[in-house]
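**Q** Okay, here's the structure, questions in a sec.
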Amino acid sequence: MEVNIADSAFIESLTFEPLSSANWLKFEGLFGERGACGNCWCMYYRRSKAEFTEGKFDDGNKLAMKALVDAGKPTGFLGLYEGRAIAWCALAPRGDFMKLEKSRVHKRIDNQVVWSIPCFFIDKQFRRAGVSVALLRAVISFAKATHISVLEAYPTIPTKEPLPDSFAWIGLFKSFERAGFSIVDRRSKNRPMVRYYTVDEVNMSTNQQSKT
């Protein structure tokens with residue numbers, strides 16, 4: 001059955017849930033034989049360059065992601081339509097993403113406990129329909145419910161339109177902006193650091209000072 005993704009009822013019908021052992025097969029179905037792109041399996045930021053490259057063969061990256069999921073580690077969020085996974089974004093404490101911690105462009109700007117959203121994957125059939133914004137809003141709701149104070153991401157601001165899908169895996173700034181994120185660092189002109197604070201920044205700063 002063909003889906004009218006332009007219909008607002010489509011977005012309203014989506015459901016969202018964290019990746020777990022219970023819904024792993026749905027995640028596997030979304031990523032498909034190519035592991036989303038080049039057998040990445042969303043492990044690019046989590047592994048060293050050598051580990052990631054080696055993991056593209058013999059299901060190495062896929063098995064590494066499965067091990068994290070089975071261990072109950074936070075890995076990301078799924079967007080589902082009629083029970084089928086159609087969208088994904090990575091979500092975990094920033095420290096879990098090795099390449100982010102070593103990045104000079106996106107190095108930490110403070111000592112706050114941050115959860116990062118470094119990448120997305122949307123089923124080709126459902127792209128350019130507002131799914132990423134809906135997914136981000138679901139992540140925000142999850143963060144509020146689980147007392148995550150700061151969400152952080154590193155989306156792209158395209159220098160020309162349209163941006164090929166293969167370059168949109170880090171997320172588009174306009175999607176984050178629509179979801180309520182704000183730029184907090186511009187070391188990279190086209191890859192700003194953005195954040196969403198689920199609690200008042202002033203109160204959070206006060207609480208941190210009182211602990212020191």
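The values are calculated or read from the model by the stated rules, or taken from the named source; none is laboratory data. Predicted model only: the values in this text are computed from it and were never measured. Note: ideal-geometry Cβ built from the backbone for every residue, glycine included; neighbour counts use all protein chains shown.
**Q** Can you list residue pairs whose Cβ atoms sit under 8 Å apart, with the first residue in segment 28-55 being closer than 24 Å to Pro18 by Cβ and the second being of a type in the set (Asp, Glu)? Count only pairs 6 or more apart in sequence or on different chains.
**A** Listed by first residue and then by second, the contacts come to Leu30/Asp123; Asn39/Asp59; Arg46/Asp96.
**Q** Let me ask something additional. Restricting to segment 104-122, and then to whatever is surrounded by fewer than 18 Cβ atoms within 10 Å (Cβ to Cβ) and of a type outside the set (Val, Ile, Thr), can you tell me which residue is nearest to Val199 (Cα to Cα)?
**A** This residue is Gln112.
**Q** May I pose another question? Name the residue, out of Ser132, Ser149, that is within 20 Å of Leu19 (Cβ to Cβ), touching a residue at least 12 places away in the same chain (Cβ under 8 Å), hydroxyl-bearing (Ser, Thr, Tyr) and surrounded by 14 or more Cβ atoms within 10 Å (Cβ to Cβ).
**A** Ser132
**Q** Would you mind telling me which numbered condition in (1) out of contact with any Lys or Arg (no Cβ under 6 Å at 6 or more places or on another chain); (2) in a loop (DSSP other than H, G, I, E, B) Val139 fails?
**A** The single condition Val139 does not satisfy is (2).
**Q** If you go through segment 120-131 one residue at a time, do you hit one that is among the charged types (D, E, K, R), in contact with a strand residue (DSSP E or B) (Cβ under 6 Å, 6 or more places away or on another chain) and within 23 Å of Phe10 (Cα to Cα)?
**A** Checking segment 120-131: at least one residue is among the charged types (D, E, K, R), in contact with a strand residue (DSSP E or B) (Cβ under 6 Å, 6 or more places away or on another chain) and within 23 Å of Phe10 (Cα to Cα).
**Q** When the residues of segment 115-136 are narrowed to those that are of a type in the set (A, V, I, L, M) and assigned to a helix (DSSP H, G or I), which ends up nearest to Gly79 (Cα to Cα)?
**A** Ranking the candidates gives Leu135 first.
**Q** Then there's this: Taking helices (runs of 4 or more DSSP H) that fall entirely within segment 1-65, which contain at least 3 residues that are at pLDDT 95 or above?
**A** Because the criterion is at least 3 residues that are at pLDDT 95 or above, the helices (runs of 4 or more DSSP H) in segment 1-65 that meet it are 24-31, 49-54.
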